[in-house]
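Comments concern the structure below.
Rule-based calculations on the coordinates, nothing more; no lab input. What you see is a predicted model, and the numbers here were worked out from it, not measured in a lab. Neighbour counts are summed over all protein chains in view; Cβ atoms, including those assigned to glycine, are modelled from backbone coordinates with ideal geometry.
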Amino acid sequence: MSDVPPKVVVVVPTYNERENLPVLVAQLEALRVPNLHVLVVDDNSPDGTGDIADKMVVESDNVHSVLHRTEKNGLGRAYVAGITQALAEGADIVVQMDADLSHPADVIPLMLKTLQDPQTAVVIGSRYVEGGSVASEWSGRRKALSAFANSYVDAILRLKVKDVTAGFKAWKAQTLRDIEVSTIQSDGYAFQVEMNYRTIKHGLKIVEVPINFEERAKGSSKMDFSVQVESALMPWKLRFGKH
């Protein structure tokens, strides 16, 4: 039996995150998780985030590779590209998290521990299970919209996931192969729902652990109208077999 700890690859998509990325990497390094690697997926950031990531490959013990994409075609496409590369590089576990510091890195050890259960396929850092919360800075309208989005998806797909739109997850590599992650169709945030849907349809178990979701530290949100439209339509496409 091998004593080598599982290879954990944290996939971090970036676009104009030059101020946040170094802070996130420092948080990940402070965890002291054995065999943890960071894969940055940069969409040709005009603020030089990609160059900063390249420098980190040289200077950091944990940032091992940067995937430079010339086309900015959505968060979903960036994650699919990054996760596919992580699997090709031999990842046993893939963690997906945003670069904007909204996801608490210190919850990763709990997510990894929870993932040790042989029956668990993916662990979600959830805002909507007991003990979880959204950013205190959020307006009442934003909180209502977020809650509505989860209720909307659940009403259509009945996935029974409290935070079905969450973007902070730890996946077993085999789960990602089982759901054929490279064939995910969604371009934007809707890919989160599509991946959960495929996981449930394969009879695999999703477990949620509570997180305190924070407002992004620097920069601005990248969700535009087309992303919102895709997010609204995707549950229906999944339900009626269009994906």
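Proximity of backbone amide H atoms, modeled 1.01 Å from N, is registered between Met97 and Val11 at under 5 Å, excluding neighbours fewer than 5 places apart on the same chain. Per-residue ellipticity at 222 nm from helix content only, as computed over the chain with -39500 (n - 2.57) for each DSSP H run of at least four residues, stands at -12000 deg cm²/dmol. For Glu17, the residues 5 or more places off, or on other chains, whose built amide H falls under 5 Å of its own are Thr49.
Legend: distances between Cα atoms for Lys7/Lys237; Lys7/Lys72; Lys169/Lys237; pairs beyond 30 Å are Lys7/Lys237. Of interest is the spacing of the C-alpha centroids, which for the stretch 167-217 and the stretch 21-71 amounts to 21 Å. Look at the Cα gyration tensor of the chain: its axes a ≥ b ≥ c give a/c under 1.5, and that counts as rounded.
In a reduced charge model with +1 at each Lys and Arg Cβ and -1 at each Asp and Glu Cβ, the chain shows a dipole moment near 1040 debye about its Cα centre. For the chain, what is the relative contact order in percent, using Cα pairs closer than 8 Å and at least 6 residues apart in sequence? Averaging sequence separation for qualifying contacts and normalising by length gives 24 percent for the chain.
Compared with the direct C-alpha span, the chain from Glu180 to Asp54 gains 42.5 nm at full extension, assuming 0.36 nm per residue.
Database remark: amide H of Ser65 closer than 5 angstrom to the amide H of Val38, Val40 (H placed geometrically; neighbours at sequence offset of 5 or more, or on other chains; Pro and chain starts carry no H). Residue by residue, the stretch 203-212 carries 3J(HN,Hα) couplings of x, 9, 9, 9, 10, 10, 10, x, 9, 9 Hz when phi is fed to the Karplus relation 6.51 cos²θ - 1.76 cosθ + 1.60 (θ = phi - 60°); x denotes Gly or Pro. Which shape class, rounded, prolate or oblate, goes with the stretch 19-71 when its Cα gyration tensor gives a ≥ b ≥ c as root eigenvalues, a/c under 1.5 marks rounded, and past that a/b bigger than b/c marks prolate? Because a/c hits 1.5 or more and a/b exceeds b/c, the stretch 19-71 counts as prolate.
At a Förster radius of 22 Å, what calculated FRET efficiency corresponds to the Cβ-Cβ distance of His68 and Asp47, to the nearest 0.05? The value I calculate is 0.95.
What shape does the stretch 24-144 have by the C-alpha gyration tensor, where a ≥ b ≥ c are the square roots of the eigenvalues, rounded means a/c under 1.5, and otherwise prolate means a/b greater than b/c and oblate the rest? Oblate, since a/c reaches 1.5 and b/c is not below a/b. Compare Val94, Val129, Val63 in a GNM of the chain, Cα atoms joined below 10 Å, and give the one with the largest fluctuation. Answer for the Gaussian network model of the chain: Val129.
Summing +1 for each Lys or Arg and -1 for each Asp or Glu among the other residues whose beta-carbon sits under 9 angstrom from that of Gly132 gives -1. Using the Cβ-Cβ distance between Glu215 and Leu145 with R0 set to 22 Å, the FRET efficiency from 1/(1 + (r/R0)^6) comes to roughly 0.90. For the stretch 36-88, the residue among Ile52, His37, Leu87 whose Cα projects farthest onto the positive side of the dipole built from Cβ charges is Leu87. Each Lys or Arg adds one and each Asp or Glu subtracts one; over the other residues with Cβ under 13 Å from the Cβ of Lys55, this totals -3.
Each residue of the stretch 148-165 was assigned a 3J(HN,Hα) from its phi angle through the Karplus curve 6.51 cos²θ - 1.76 cosθ + 1.60 (θ = phi - 60°); the sequence is 5, 4, 5, 5, 4, 5, 5, 5, 8, 9, 6, 7, 6, 10, 5, 10, 6, 9 Hz, with glycine and proline shown as x.
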